[in-house]
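Down below is the structure, laid out as C-alpha cells.
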C-alpha cells in the first residue's frame, strides 16, 4: 500500500501497475466531498513521485463506482463569492488534469453507477471498462447546473458535440450498450471479470498495443471541426434542446453556449470558460430550488427506509376493484415482482383491468424496457378473480372500489373476513376519512389509507394515511410496499382530503372565484401553465373528472365549511350538471378527440361559454400577476395549515407531496420553498390585498408570528 486514506487507497497489483480504489469509510456509496477531493490530491501527488509507476486502474470497493458529488455541501459552496467559487472549481479541474497527465496509461473500471463527478473522473482516464450491471451519466442538469469538473470539456472531445449535448442536457443515466455505442465506454464485461479486464487493457497499453497518448491529445485540444460545422451542430442542438427545456430551466441551453465558447480552446482555457458558466448557474434561484428538491427527496427516502424496518414483508398483494385504477395498481405490483390478486364482482370489469395492465406491459416491450418473456412472466403475476378464494395468504389488500363511503365500508368489512389476521388492509380513497371507513372493521389497527395518483404507473407519489387506530406495523408495511412498487410514499394523518387533495381544492376554489369575477378560464390556464404548472386548473379539472371533483368537493365542503363550502352555480358545478365530466366523456371545459397516439387531444369548445356564463356574477379586470396570486395564495395557506396541524410531518413532506402528487413546478422548489423565496412578511402583506375574498386568503396566526420573527420554513436557502 503506497497510500491509504479514509476514502481511497493505492496499492501495486502487478509489476508497476497500481490500483487506486475508492472506498469511503462509514458510507454505503462513494461521493466527492471536500475530504475525498483532498485525499485524491494527495494520492495523485504520491503517484507523480513514484518512479516505478507504469499504469493505473481506478476501481471501487462499493457496489457502485461513484454516485457523484456530495450535494449536501453545495449550499455552503454555492453561497461563496464568485471568485472563490470559480477558484475552487478550477482547483478540481487542475486535480483531474493532473490525473489525466500522469506519465502512464489510466483505465477506469466502472461497476454499478458512475454519475456526475464520478463519471467526470472516469473521462479524465484514457480508457473506461464498464461492468454489465453499470449505469453512467451526467445528471447535473436536474440540479439546475451542469458537469463542472471538466465534463463539458472532455465529453464533446470524446464522443462528439451532438452526443455530448444529448448526454448532458438530457441528464439521464445510460446503460452499458448505449455508453459503448456512443464511445463513453470502451468495453463491456461481466461484473466478476471487470478488474481483470481493466488490468489486461492497462497492460496492453503499457506494451504499446494501444495509443493512449493520442486519446489524451484529443481531450486536451480544441474540437477538430470547422466554424461552419460547429455552427450547424450547435444551432441544431439549440432547436432540439430548447423545445424540451422550456423557459424555466436555463441549464440545458447554458450547456450548449458553454461548449460552443470553449470548443476552439485548449483544455486549460476551456476549463476557465466552464468554471465561470458553472458558477453563474450555481447561484440561480432555479439551482437552489432543484438542489432543495433533491435533498428533500433524499430525506423522504431515508424516512421511508426507517418506517420499513418495522414492516411485514409483502409477498402477495390484492386489489379490490379492477378497471383503470385497479389495473394500474395490479400492473405496478406485478412489474415490481409482487404477485397480486385482482378481484371484482363483474367479468367486464376484470377484463377492463387486464386490458389496462396488458396495455402498459405492451408499452414497456415496445420501448425496449422489457422483452416478451419478461412481460409474459410479469403478466402471469396478476391473478384475476371474481371470488375471495385466493385471499387467505395475501399480505396486503388495496381497496379501490367506487368512491362511496357506504360501499367502501361494506367491501372492506367483507374482505377483512377473508384475509389472515395479520394482513394489512388499505383503501385507495382520495378523500373519504380513514377513521370513518375504519368504523366497519374488527381490526382497525391494521387498516390505513394507500392513496395512489392517476395514472398509477406515471405518478410517483403514494399517500399513506394513518387513522386514529392505525398501528405502526400497518403504516410500515404499506410504506415498504409502496417503496417496492417504485413509489415515493409520504405518511400523513387523517383529515378530509388528506394532504394533497385538501391543498388542491383551495386552488380550485381560487379558480372558481376568478371565474365568478369574470376571468376567462382559457387565460387562467395559459397563465398558470406559463407560471410552471403542467396544466392549468380548467384542464386539470377535466383530467381529474368534473364528476369526481364535484363529489370530492362535497367532502371538502363538509370538512372545512368555513373556507371550502359548496358553491351552487359555480362554473365547475354548471358543467357537472350539464354532464360534461371532462376527458372521461370527452367534454368538459374543453372537448377532446383521440389523436394518432391514442391520447386525448384538448380542443376549444365554443359552447362552453354559454354554459358557464351564469357563473360570472361581475366582470373585473385582472393583471397577470393578480391571477397568479389569487390562484396560489389559497394553496400556500392551506399547505401551511396542514403543516401546523400535523397532517404532514414536516415541510419536506409538504413540498414533495405537491411536486410528486400534482406537479407543482420543481424549478420553484416546492410550495413552502416558494413562500420562503417570497419572504413570509412579503407574503402576509400580499394576502392583505385579497382579504375581501374570505378565509382562504387569510394567513394563519402561525404564519404571522413567523413573519414577525423573520423565520423561514427551511433554514438552508438550498432546501
### Message
Contact order normalised by length for the chain, with contacts defined as Cα pairs under 8 Å and 6 or more residues apart; what percent is it?
### Response
9 percent
## Note on the structure
Residue span residue 204 to residue 45: 0.36 nm per residue of separation minus Cα-Cα distance leaves a gain in nm of 54.8 nm
### Gain upon complete extension [residue 709, residue 11; 0.36 nm per residue less C-alpha separation]
245.7 nm
### Task
Compute the long axis of helix 624-644 from its Cα atoms, compare it with the longest principal axis of the Cα atoms of the chain, and write down the angle in degrees, 0 to 90, nearest 10.
90 degrees
### Summary
So residue 558 and residue 644, fully extended at 0.36 nm per residue minus their Cα-Cα distance, gain in nm 28.9 nm
### Task
For n ≥ 4 DSSP H runs only, could you compute -39500 (n - 2.57) per run for the chain, divide by its residues and tell me the 222 nm figure to the nearest 500?
-15500 deg cm²/dmol
#### Entry: Inter-label distance for residue 352 and residue 417, nm, one decimal - labels placed 7 Å from Cα along Cα-to-Cβ
2.7 nm
### Query
Applying 1/(1 + (r/R0)^6) with R0 = 22 Å to the Cβ-Cβ distance of residue 376 and residue 133, what FRET efficiency is obtained, to the nearest 0.05?
0.40
### Query
If you line up the long axis of helix 161-170 against the longest principal axis of the chain, both from Cα atoms, how many degrees apart are they, to the nearest 10?
40 degrees
### Packing rank of 598-608, 254-264, where each peptide gets the mean count of other beta carbons within 10 Å, highest leading
254-264, 598-608
### Relative contact order, percent, the stretch 314-493 [alpha-carbon distance under 8 Å, six or more residues apart]
20 percent
### Task
Decide, for the stretch 314-493, between rounded, prolate and oblate: order the square roots of the alpha carbon gyration tensor eigenvalues as a ≥ b ≥ c, take rounded if a/c falls under 1.5, and otherwise choose prolate if a/b is larger than b/c, else oblate.
prolate
### Query
To the nearest Å, what is the center-to-center distance of the stretch 296-373 and the stretch 223-240, using C-alpha atoms only?
45 Å
### Query
In percent, what relative contact order does the stretch 3-283 have, based on Cα pairs under 8 Å that are 6 or more apart in sequence?
18 percent
### Summary
By the Cα gyration tensor axes a ≥ b ≥ c (a/c under 1.5 gives rounded; else a/b larger than b/c gives prolate, otherwise oblate), the shape of the stretch 106-222 is oblate
#### Entry: Span from the the stretch 107-170 Cα centroid across to the the stretch 436-456 one, whole angstrom
45 Å
### Message
If I take R0 = 25 Å and measure r between the Cβ atoms of residue 213 and residue 177 in this structure, what FRET efficiency does the formula 1/(1 + (r/R0)^6) give, to the nearest 0.05?
### Response
0.30
### Query
So if R0 is 41 Å, what FRET efficiency would residue 363 and residue 221 give, r being the distance between their Cβ atoms, rounded to the nearest 0.05?
0.40
### Query
What shape does the stretch 3-283 have by the C-alpha gyration tensor, where a ≥ b ≥ c are the square roots of the eigenvalues, rounded means a/c under 1.5, and otherwise prolate means a/b greater than b/c and oblate the rest?
prolate
### Task
State the antiparallel share, in %, of DSSP beta bridges confined to the stretch 3-283, rounding to the nearest 5.
30 percent
### Task
Compute the label zone of residue 566 within the stretch 405-426: residues whose backbone N is under 18 Å from the point 7 Å along Cα-to-Cβ.
405-407
### Query
Of the listed peptides 215-223, 625-633, what is their order by residue-averaged count of other C-beta atoms within 10 Å, with the highest listed first?
625-633, 215-223
## Note on the structure
Packing-ranked peptide list from 336-342, 132-138, 370-376, highest mean Cβ count within 10 angstrom first, is 132-138, 336-342, 370-376
### Query
Roughly what % antiparallel, to the nearest 5, for the DSSP beta bridges in the chain?
30 percent
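Taken together, the values in this text are just the output of simple stated rules run on the coordinates, not laboratory data. Everything numeric in this text was worked out from a predicted model, so none of it was measured. Note: ideal-geometry Cβ built from the backbone for every residue, glycine included; neighbour counts use all protein chains shown.
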